[in-house]
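Bear in mind that the values in this text are calculations on the coordinates, not laboratory data. Because the structure is a prediction, the values reported are computed rather than measured. Ideal geometry is used to build each Cβ from the backbone, glycine not excepted, and the neighbour counts take in all protein chains shown.
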Amino acid sequence: MIQTLFGSLKEAEEPEKKSIFDRMKQAISRTRENLSDRIESVMALTREVDESALEDLEMSLLASDLGVTTTSEIIDHLRERAKRQQIRDGAELKSLLKEQIQGILDAQQRPAPFVPAPPAVIMMVGVNGTGKTTTSGKLAAFYRSQGKTVLLCAADTFRAAAMEQLEVWSQRSGVEMIKGRQGGDPSAVLFDALQAAKARARDVLIVDTAGRLHTKDGLMAELDKMRRTTRRLVPDGPHEVLLVMDATTGQNGLQQARIFTESAGVTGIVLTKLDGTAKGGIAVAIARELKLPVRYVGVGEKLEDILPFDSSAFVDSLLGA
């Protein structure tokens, strides 16, 4: 079940399910081809799933960027299974692998927080270059397509380009935007946006924050100040703090993410540029190592190229339905 801030996404119609699956399958095609080819190569060398086959599978998972910790956990489980009961063939190995990956993803999936009264406040955080501003605009369009009223807040006042870029996305998505002056206090801009969202009865306020200040401590202090500012007007906000990660950076991005998850109160991940990498296994590493749900994935450059993350569609796309 796909969860958003407003409950489960409409999934009743089969065409929509098919659309999510097909788009996810297309997005991770490079990862799937890479991993499936490797698994097929492993199984072509031996009919029996033995220690050598598991070692080759381990290298395949590492190459797809599941990471050492996650890969070791999966291989250890498969090794124990093989000791207790023989793994008959490649089909059974693939089925067991799917079960393991699905379990890791589902262990971290949890419902988005309940919003008792609008606006739902979503803070977008992450380092510069991950696609944070673009994702803010796409997310605004996504919520608008779900029948929600949305307001954007350009709180990255340290980069003039960020405000200009968000303005372009606000126009594309048909969503109003609150901005301040370059170099101004981000929390002051946020305060204005919170007041506007309440006065205009907007369902969702999406806040694009700075990705870099002079020091890491300065960045985290600024984000903390913004959270305190939010609670002055919306006591239970921010309802989500979404960390935007670039899938193409793989394990390097995971190291950056740890800084934010430790200091910025992150509640979920948006994984961008999933269509541009053969290392889509990073989604599994994120769930296992950061203990956070992947909320959305970016799958292209267009306004509509953002999908709520569906673990079943991801696993079926990765390893075959």
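Things to note:
- Both radii are taken from the alpha-carbon atoms of region 123-213; with Rh as the Kirkwood radius, Rg/Rh is 0.94.
- Highest-fluctuation residue, 217, 208, 65 considered, GNM on the chain with Cα pairs under 10 Å: 217
- Over the chain, Cα pairs under 8 Å with separation of 6+ residues give a relative contact order of 27 percent.
- When +1 charges are put on Lys and Arg Cβ atoms and -1 charges on Asp and Glu Cβ atoms, the dipole computed for the chain relative to its Cα centre reaches about 1080 debye.
- With R₀ fixed at 41 Å, the C-beta to C-beta distance from residue 168 to residue 63 puts the FRET efficiency at about 0.65.
- In nm, spacing of pseudo-spin labels at residue 128 and residue 262 (7 Å Cα→C-beta vector): 2.3 nm
- By the rule of a C-alpha distance below 13 Å, with chain neighbours fewer than 8 residues away ignored, the aspartates and glutamates paired with residue 273 are 246, 301, 305.
- Given 148/225; 198/225; 94/302; 216/291, the pairs whose alpha carbons are separated by over 29 Å: 94/302
- In percent, rounded to a whole number, the relative contact order of region 137-202 is 38, using alpha-carbon pairs under 8 Å and six or more apart.
- Between the residues 152, 182, 129, the greatest Cα displacement towards the positive end of the dipole of region 124-267, with unit charges on the Cβ of Lys, Arg, Asp and Glu, is found for 152.
- When the helices of the chain are scored as -39500 (n - 2.57) per DSSP H run of n ≥ 4 and the total is divided over every residue, the value at 222 nm lands at -17500 deg cm²/dmol.
- Under the simplified labelling scheme, the residue 84-residue 200 pair shows an inter-label distance of 5.6 nm, with each label point 7 Å from Cα along Cα→Cβ.
- Per-residue extension of 0.36 nm, minus the Cα-Cα distance of residue 216 and residue 251, leaves a gain of 10.6 nm for this segment.
- Within the chain, percent of DSSP bridges classed antiparallel, to nearest 5: 15 percent
- Within a Gaussian network of the chain (alpha carbon springs, distance under 10 Å), most fluctuating of 157, 69, 134: 69
- Space enclosed by the convex hull of the alpha-carbon atoms of the chain, per residue, Å³: 124 Å³
- Under a Gaussian network description of the chain, with springs only between Cα atoms under 10 Å, the residue in 237, 253, 129 that fluctuates furthest is 129.
- Length gained when the stretch residue 144-residue 95 is fully extended (0.36 nm per residue, less Cα-Cα span): 13.8 nm
- Directionally averaged projected area (convex hull, Cα atoms, region 138-279), nm²: 8.8 nm²
- Taking 310, 22 and counting other C-beta atoms within 10 Å, the order from fewest to most: 22, 310
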